[in-house]
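Once you've had a glance at the structure underneath, I'll fire off some questions.
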Amino acid sequence: MSMAASKAPTGEALAKLRADAQEAVRSLRERVGRLDDDGIDLILRTARSHYAWQDKPVPRELLETIYDITAAGATSMNTCPARFFFVETIEAKKRLAKSLKDKNIDKMMSAPSTVIIAHDLEFWKELPYLFPHEDRRPHFEGKAEHSEVTAFRNGTLQGAYFMIAARAVGLDVGAMSGFSNQIVDEEFFAGTTLKSNFLCNLGYADETALFQKLPRLPFDTACKFL
């Protein structure tokens, strides 16, 4: 169900909102110039992908917090095409297991929650709510290829936000691509405009399954100045 259209603020109300937004950014930068090294390590630098899990459930309130953080991340034209499906019951996990390569089934079944990170190809129907100051639906309506590229790109971006947000609040993640998108879409999204992107196991990791971190490309190999 689409959200109702928002009424875009105008005049003095718009000017106040803009001034408040600018002040909020300035104030935050004054309080926090950058994350400390431990914070950066937690979310990325020494963070690990996990595939073994403690038998400890993730509270729904924490999942809602992770989504709230994720939703604050930038997407083009504020399209917000990602949709998150938390697979937690044994019945739902058995359905999801049909799509997985054999080596990934135990990893998924043992995780407290496995998230299907998907995107809605008709995300543009929500734009009257998400982008109220101008009707941008004609940019996408009837343009299937453009809509699909936009949904996939921004949905992937939101999936990365989700993983970082989960780490930031103390959870561990293990993204997976060893599965059939076609089977997931047939099993969970038949008859809808949703398409799966990737899976992400979520919970409290069992660190005893870790091995050494693999190397990353150095700056001079991956980056160029033009």
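The values are calculated or read from the model by the stated rules, or taken from the named source; none is laboratory data. Just so you know, these numbers come straight off a predicted model, no measurement behind them. Note that we place each Cβ from the backbone using ideal geometry, even for glycine, and neighbour counts take in every protein chain shown. Note: areas computed on protein heavy atoms with side chains; ligands, DNA, RNA excluded. Shrake-Rupley method; radii C 1.70, N 1.55, O 1.52, S 1.80 Å.
Exactly one of (1) assigned to a helix (DSSP H, G or I); (2) exposed (fewer than 15 other Cβ atoms within 10 Å of the Cβ) is unmet by ILE69. Its number?
With respect to (1) assigned to a helix (DSSP H, G or I); (2) exposed (fewer than 15 other Cβ atoms within 10 Å of the Cβ), ILE69 is out only on (2).
Just one of (1) under 28 Å from GLU88 (Cβ atoms); (2) open to solvent by 80 Å² or more (accessible area, probe 1.4 Å) trips up ARG137, so point out which.
The failed condition is (1).
Further question: Which of the residues belonging to the stretch 98-132 are open to solvent by 20 Å² or more (accessible area, probe 1.4 Å) and touching a helix residue (DSSP H, G or I) at 6+ places or on another chain (Cβ under 8 Å)?
Within the stretch 98-132, the subset open to solvent by 20 Å² or more (accessible area, probe 1.4 Å) is 98, 101-103, 105-107, 109-110, 112, 120-122, 124-126, 128-132.
Passing the criteria: LYS98, ILE105, MET109, ASP120, LEU121, GLU122, TRP124, LYS125, PRO128, LEU130, PHE131.
Now a separate question. Quick check: is even one residue across the stretch 182-189 surrounded by fewer than 17 Cβ atoms within 10 Å (Cβ to Cβ) and closer than 24 Å to ARG48 by Cβ?
Among the residues of the stretch 182-189, not one is surrounded by fewer than 17 Cβ atoms within 10 Å (Cβ to Cβ) and closer than 24 Å to ARG48 by Cβ, which makes the answer no.
In the stretch 1-55, what count of residues is obtained for those that are part of a helix (DSSP H, G or I), among the charged types (D, E, K, R) and within 21 Å of the chain's Cα centre (by Cα)?
Going through the stretch 1-55, the residues part of a helix (DSSP H, G or I) turn out to be 11-31, 37-45.
Now restrict to residues that are among the charged types (D, E, K, R): 12, 16, 18, 20, 23, 26, 29-31, 37-38, 41, 45.
Next, from what is left, pick out any that are within 21 Å of the chain's Cα centre (by Cα): 41, 45.
Qualifying residue count for the region: 2.
For the stretch 160-174, check the following and say yes or no: at least one residue is touching a residue at least 60 places away in the same chain (Cβ under 8 Å) and over 22 Å from ILE66 (Cβ atoms).
Looking for residues that are touching a residue at least 60 places away in the same chain (Cβ under 8 Å) and over 22 Å from ILE66 (Cβ atoms), one finds none in the stretch 160-174, hence no.
Quick one: is LYS101 over 23 Å from PHE162 (Cβ atoms) and in contact (Cβ under 8 Å) with a residue 24 or more places away in the chain? Before the answer, list the steps.
Numbers: over 23 Å from PHE162 (Cβ atoms): no; in contact (Cβ under 8 Å) with a residue 24 or more places away in the chain: yes.
In short, no.
Another question about this same structure. Count, please, the residues in the stretch 145-186 that happen to be aliphatic (A, V, I, L, M), out of contact with any Ser or Thr (no Cβ under 8 Å at 6 or more places or on another chain) and assigned to a helix (DSSP H, G or I).
6
Taking GLY170, is it open to solvent by 40 Å² or more (accessible area, probe 1.4 Å) and small (Gly, Ala, Ser)?
Numbers: open to solvent by 40 Å² or more (accessible area, probe 1.4 Å): yes; small (Gly, Ala, Ser): yes.
In short, yes.
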